[in-house]
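Derivation of every value follows stated rules applied to the coordinates shown; laboratory data play no part. Please read these numbers as outputs of a predicted model, since none were measured by experiment. Neighbour counts run over all protein chains shown; Cβ positions are idealised from the backbone, glycine included.
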Amino acid sequence: MAMKKLLKLFLLIVLLCCGCEDRIDQPLSSVETGSIVVEAHFTNENKNQLVKLTKPYLEQNGSVVPVSGATVVVVEGADTFYPLVETPAGSGEYFTSNMIAVFGRVYTLVIRHQGGEFVAQARSVPVEPLSPLTYENAGNDQYRLMLNESGSESNYIEYELSWADTPVCNPGTNCLGLVTYYDLKNVDVQDLFKPDKKDFLFPVGTRVIRRKYSVAPEYRDFLRSVLSETEWRGGIFDIQRANASGNVSGALGFFAVSSVQIDTTFIVDKP
Amino acid sequence: MLIYFKHLSWRQIAFCCLVGMLASLRVHAQQDRLSQQISVTFDNLAFEEVIHVLEEQTGLSFSFNPNRIDLSQKLTYQATAKRVDEVLREISSLVDVSLEVVEGTVILKPRTNSPEIKKKLVTLSGYIFDAANGEALIGATVLLSPQLGVVTNAYGFYSITVEPGEYEISFSYLGFERKSMRLNLKQSDTHSVKLNSQSPLLEEIVVTASNTEDVAHVVSEGRTQLKPETVSEKPSLFGEADAVKSLEMIPGIKLHSDGSTFYYVRGGDRDQNLIMIDDAPVYNPNHLLGLFSTIIPEAVNDIQLYKGNMPAWLGGRLSSMMDVRTKKGNDQNFEASGGVGLLTTRLTVEGPLTKDKSSFLLSGRFSRVKWFFKALEDNITKFHFYDLTGKLNFSLNEKNKIYFSFYNGGDEYFAINNGVNWSNNAASFRWNHLINKRVFLNTTLAGGVYDYYLHTNFQNNAKWHSHLSNITLKTDFTYFHSPIQKIDFGLALTGYNFNPGNFSTTAFRAPAVSVRNSSELVLYGNHEVELGKRWLLNYGLRLSTWTNEGGSFEFVFDENRIPVDTLFFQKGDKYQQYARAEPRLSLTYKVNGNDVLTAGVSRNIQNIHLISNSISPFTSFEVWLPSSVNIRPQSALQFELGYYKNILEGLSFEVEGFFKRMRNQIDYEAHAETLLNPLFERELRFGKGVSYGAEFLLRKNTGKLQGLLGYTYSRAKRTFSEINEGRTFNAFYDRPHQVNIVANYNVNQRWTLGLNWTYYTGAPYSSPISFYLHNGLEVPVYGQKNNSRLPDYHRLDLSATLQLNKNSESRFQHDLTFSVYNAYARKNTLFINYNKTETADGTFKVPFNQLDGQRVTTQFYLFQFTPSFTYNFRWR
């Protein structure tokens, strides 16, 4: 909150500058590079772990193009192999059989596609317990999440919200929300003075499933880069643009392994 | 009286011998006469008459060669009851002769050790001042003939040594009435001159020389002079005259963008420019994050900008030096001036302490923005900025002057429990001493301190603090050898202290970033010499050694930038020295009375470096670091060619071409962590830069309509082996085309209209070539670094000034200026963003719910049509 007030001070100065923002028609210098994007996040949940392979898309809000027909294997330690199967075929989503990514083990992801080999290694760190969910009444029977730093290690919390089963959800509308709060224990000017987010409100009865992910140091560096190019960009102290450097050799994206804490809360009426 | 003649007839010799023999009989009596006491008064009496009087009063006889002793020189002297030998000694020193008593005869001879006598030369020296207030006129011209001239130094001092004779001498300075006189220079003389300013209608916009003699000297030193009056008169944002932002009218200088005081000179980065106020550096010359610069034009006497072949006495930065000299204060009359704008109030008072001998100046500017912000935000406790400049000067005697000046400025923006503040302090003490009429000595003790604080919690005193300070002792000698030769030499010793940013709090222990201490010793020599009537050669050498000193610690990194060792240095330990030579050379050719050609080459070294990967136009958490174990000195080699032409009286044209190669340039690892990171040196990348360009300037300096038209074509490129896959990329300040138009039109004695139009190619930036998703975030993929450009920048500013007095001779003068910044409301893009969605109220925000909305491309801009009023007054 202290930082928010500080941000307000700076914004006031910029306000003095009559700072304004509006749409601009600035064509992108789009280039098809043939890269593949790896999005893989294994956890200590016993489930079919997912590796998602796509191609970068050339316009904002573009459609994701899956990378199909790849051979994907994850190696746990030195000798336990988990082959991944693309399900359904052509989706670019590759699943393991049920497995738990265990804290302390090193996992190696190997992808072979069209003659190229892409390799990444990751390991998880322990996750700290979730703090109780906090939210506030925003008036008009609407509520707002209050997001705060927690614990002493880098982490992020994913909030999956649904009020589809509440009476206020009109048929045909999407009564879902997905919010991610990153707490990387970093000190970045760009983060301190990142742009305001659009307000997000939800009604009583909303179900909130929280997943708190531990973040290993390499993953923290990657997330920091990603945030620098996404949520933090557009403030008044931006830094030079650059690609987020992942850990998959020859490909974009990241292969991460995390420990997870999960809880579910229903939003109840409070003053 | 006996008189020696070189060629005497035998009769005359015989006569002399006879008289001599007779005289010898009187030796004892004459020695008694030497000890007797006499009283004499000579008021502007010829030396010949003085000798007559002394002979009569003392009974002594004098012997001398009238061809070698100037008998016509005038003498003023008074003695009451003084011994004769003492009187003779004192008089001989006044007329520059030696005397010897030989057998009762006083023999007068010219002083044999006098260089003037050896070479039969005399020196005319003195100061040139503004008659209205006694301010030194820096760069004023003294011409003894069309081909024989010198210019005054930073203190208004000149010295010119010539053969004795009669000369038509003129003293001139642009914007001032020329003063000419006929002087019979038979001996060395001091002649200080006061020039009267011309009608405002004749004032210049950017001062340059008006004849080839002046031009040759100015261009050989690579300097451009910016008059404070010009800064005040230029249309400006919120009516706040701004010396730094006025630089944009000079070809080759590019401002970062709207709302910024960052500027780039000839393809160099922004930390490669130094601003000095009276020899003390100002490291962060801005207020309100960069909306305004710290320099108050009312307190400034002169601004010189060096962007090309800097003379050897200047250095420490690769690209430019802005040498600001504050006014010394009116030593004739008390005077007050000031003004009220939308955001600030200014007041300057100055006057004599002792008329013609000493004076003071105190100037302040204070913001009045808190009330405005307080209305918007209740939590504000402090919200202001200020500047305070002061100067005292004392003319102790003809040979000694001392100056003390200071600058203090700061910004404070505090909420209830947090805030930011920064401050600049600079002070200097200078002693001007004339060793003799041809050797000028200036000794300076100067220092600068810059502090930046980010307070995150006042309750537990949690704050981030960065600091940079220095103290310099330097001595500069100028030897005015002759009208065609000037030699400058000197040395400087500077100590630096750096805190690259540390966080302190009572709540926890933050990782420590090592403070650094460094010292620099500089020796320099510079020789300006005219070769024949057309050539002017200016060459020099600057030698510098940079030494780091403990207590501090430094990390040693392996080839993968993994820290493998920590080096601890105790206080006083010296380590990692760098010694560098910076040669400078320029050659100027005066084609004829109107055309000058110049060529030059210079090497510059920089040992302090700004560490910031910000692309923001606003000042943020910048840290400075010295050359040390992991950072080598930056260097630049610049070649320059220039052509200058006076087309008509008051109309001139110039073109300068340059090529600059820079080494050890600093860039950053992608998303480098530079704040609170003890290992931030591993985030740095080093490479090289190249810039080149041509700058054209057409100026009209006289008449009702004055102005300039400038065009620059320039490129700035950088190459780093670990950035952009080693490929060369355009620097942020690579903006090939730049056009500047500045015009002033004096409608009549009361109305003045001003116009300023600026255009430049959009700045390069990296735009995405594609996107991918990670955790629901749309992550941009970049191709070549700086592969796109922002839309072109252009802006028109207008102003109208009404002199409120009908009587222009009134002691109280006041005027009202109405100005408009960005008159046609151009949206000049500052940033382009790809991560925001449009809200219901038409604003653009980053989505909170990742499932919400379509992202759009947005631009952020400042200052559309911005009108302002300013009231200024002056009382004298």
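On the principal axes of its alpha-carbon atoms, the stretch B:304-411 has extents of 58, 41, 20 Å, going from largest to smallest. The order of the peptides B:790-797, B:392-399 by mean Cβ neighbours within 10 Å, most packed first, is B:790-797, B:392-399. 3J(HN,Hα) couplings calculated from phi for the stretch B:422-431 with the Karplus curve 6.51 cos²θ - 1.76 cosθ + 1.60 (θ = phi - 60°) are, in sequence order, 9, 8, 10, 10, 9, 8, 8, 10, 10, 10 Hz; Gly and Pro show x.
Under a point-charge model restricted to the Cβ atoms of Lys and Arg (+1) and Asp and Glu (-1), what is the dipole moment magnitude of the stretch A:37-122 relative to its Cα centre, in debye to the nearest 20? Walk me through the numbers on the way to the answer.
On the way: 5 positive and 8 negative charges, 2 e Å.
Charge dipole of the stretch A:37-122: 0 debye, to the nearest 20.
Taking 7 Å steps out from each Cα toward its Cβ at B:Ile402 and B:Lys179 produces label points 2.8 nm apart. Return one quarter of the surface area of the convex hull spanned by the alpha-carbon atoms of the stretch B:293-335, equal to its mean projected area, in nm². Dividing the Cα hull surface by four gives the mean projection, 4.3 nm².
The local environment of B:Pro768, defined by Cβ-Cβ distances under 12 Å, has a net charge of 0 under the rule Lys, Arg +1 and Asp, Glu -1. Evaluate the stretch B:237-770: find the radius of gyration of its Cα atoms, find its Kirkwood radius, and give the ratio Rg to Rh. Rg/Rh for the stretch B:237-770 comes to 0.96.
Want the number for B:Asp595 to B:Phe366: 0.36 nm per residue separation, take away the alpha-carbon distance, what's left?
Numbers: separation 229, 0.36 × 229 = 82.44 nm, distance 4.64 nm.
Roughly 77.8 nm would be gained on extension.
Percent of C-alpha pairs per 5 Å bin in the stretch B:735-875, short distances first: 2, 8, 12, 13, 12, 11, 10, 8, 7, 6, 5, 4, 2, 1, 0. Stretching the chain fully between B:Lys382 and B:Val629 yields a gain of 84.8 nm (0.36 nm per residue, less the alpha carbon separation). Taking the stretch B:535-558 and a reference point 7 angstrom along Cα→Cβ of B:Leu523, the backbone N atoms nearer than 17 Å belong to B:540-547. Using a/c under 1.5 as the rounded threshold, could you call the stretch B:464-544 rounded, prolate or oblate? The axes a ≥ b ≥ c are square roots of the C-alpha gyration tensor eigenvalues, and prolate needs a/b larger than b/c, oblate otherwise. Verdict is prolate for the stretch B:464-544.
Under a model in which nothing but the beta-carbon of Lys, Arg (+1) and Asp, Glu (-1) is charged, chain A shows a dipole of about 280 debye around its Cα centre. For the segment B:852-862, counting C-beta atoms of other chains within 10 Å of every residue's C-beta and taking the mean gives 6.
About its Cα centre, what dipole magnitude does the protein assembly as shown give when the only charges are +1 on Lys and Arg Cβ and -1 on Asp and Glu Cβ, stated in debye to the nearest 20? Please report the intermediate quantities before stating the final value.
On the way: 113 positive and 117 negative charges, 449 e Å.
For the protein assembly as shown, the charge dipole is close to 2160 debye.
Extending 7 Å from the Cα toward the beta-carbon at both A:Asn137 and B:Ile647 defines two label points whose distance is 7.6 nm.
Placing unit charges on each Cβ (+1 for Lys and Arg, -1 for Asp and Glu) gives chain B a dipole about its Cα centre, and among B:Ala154, B:Asn133, B:Gln73 the Cα reaching farthest toward its positive end belongs to B:Gln73.
If you take the square roots of the eigenvalues of the alpha-carbon gyration tensor of the stretch A:57-166 and sort them as a ≥ b ≥ c, do you get rounded (a/c under 1.5), prolate (a/b over b/c) or oblate? Intermediate results must be reported in sequence, preceding the final value.
Details: a/c = 2.64, a/b = 1.54, b/c = 1.71.
Verdict is oblate for the stretch A:57-166.
Over the stretch B:116-198, all Cα pairs binned in 10 Å intervals from 0 give whole-percent P(r) values of 19, 52, 24, 4, 0, listed from short to long. Look at the stretch A:243-251: the mean tally of other chain Cβ atoms within 10 Å of its residues' Cβ atoms is 3. Taking a ≥ b ≥ c as the square roots of the eigenvalues of the Cα gyration tensor of the stretch B:521-588, is the shape rounded (a/c under 1.5), prolate (a/b larger than b/c) or oblate? It comes out oblate by the Cα gyration axes.
Taking 2.2 N^0.38 Å as the expected size of a compact globular protein, what ratio does the Cα radius of gyration of the stretch B:416-481 give against it, to two decimals? List each step's numbers first, then the result.
Values: Rg = 20.4 Å, N = 66, 2.2 N^0.38 = 10.8 Å.
Dividing the Cα radius of gyration by 2.2 N^0.38 Å gives 1.88.
Under 20 Å from the 7 Å Cα→Cβ point of B:Ala336, by amide nitrogen: which residues of the stretch B:389-421? The answer is B:389-392. Counted by neighbouring Cβ atoms within 10 Å, the residues B:Lys307, B:Lys590, B:Lys704 run from fewest to most as B:Lys704, B:Lys590, B:Lys307.
The value for the protein assembly as shown of Rg(Cα) / (2.2 N^0.38 Å) is 1.17.
What ranking do A:201-211, B:765-775, A:20-30 get when scored by the average of other Cβ atoms within 10 Å per residue, highest first?
B:765-775, A:201-211, A:20-30
Computed from the Cβ-Cβ distance with R0 of 60 Å, the FRET efficiency linking B:Lys355 to A:Arg23 stands at 0.40.
How far, in nm, would the chain grow between B:Val556 and B:Trp875 when pulled straight, counting 0.36 nm per residue and subtracting the alpha carbon separation? Spell out each step's value before the answer.
Details: separation 319, 0.36 × 319 = 114.84 nm, distance 6.19 nm.
108.7 nm is the gain from fully extending B:Val556 to B:Trp875.
In this simple spin-label model, placing a label point 7 Å from the Cα along the Cα-to-Cβ direction at both B:Ala581 and B:His737 gives a separation of 4.4 nm. Which of B:Leu537, B:Phe696, B:Thr829 sits farthest toward the positive end of the charge dipole of the protein assembly as shown, with +1 on the Cβ of Lys and Arg and -1 on the Cβ of Asp and Glu? Going by the Cα projections, it comes out as B:Leu537. The mean count of C-beta atoms from other chains within 10 Å of the C-beta of residues in B:297-305, rounded to a whole number, is 0.
For the stretch A:167-239, the residue among A:Ala216, A:Gly177, A:Pro203 whose Cα projects farthest onto the positive side of the dipole built from Cβ charges is A:Pro203. Given R0 = 41 Å, the distance between the Cβ atoms of A:Ser63 and A:Val268 translates into a calculated FRET efficiency of 0.55.
Note on B:Leu804/A:Thr33: beta-carbon distance plugged into 1/(1 + (r/R0)^6) with R0 of 56 Å gives a FRET efficiency of 0.30. Across the cross-link table entries B:Lys194/B:Lys437; B:Lys688/B:Lys836; B:Lys245/B:Lys827; B:Lys179/B:Lys806, which are compared at the Cα atoms, the separations over 27 Å belong to B:Lys688/B:Lys836; B:Lys179/B:Lys806. Applying Stokes-Einstein at 20 °C and 1.002 mPa s to the Kirkwood radius of the stretch A:168-261, computed over alpha-carbon pairs, gives a translational diffusion coefficient of 135 µm² s⁻¹.
Ranked highest first by the average count of other Cβ atoms within 10 Å around their residues, in what order do A:150-157, B:160-167 fall? Numbers along the way, then the final one.
Numbers: A:150-157: 18.0, B:160-167: 16.4.
The densest-packed peptide leads the list: A:150-157, B:160-167.
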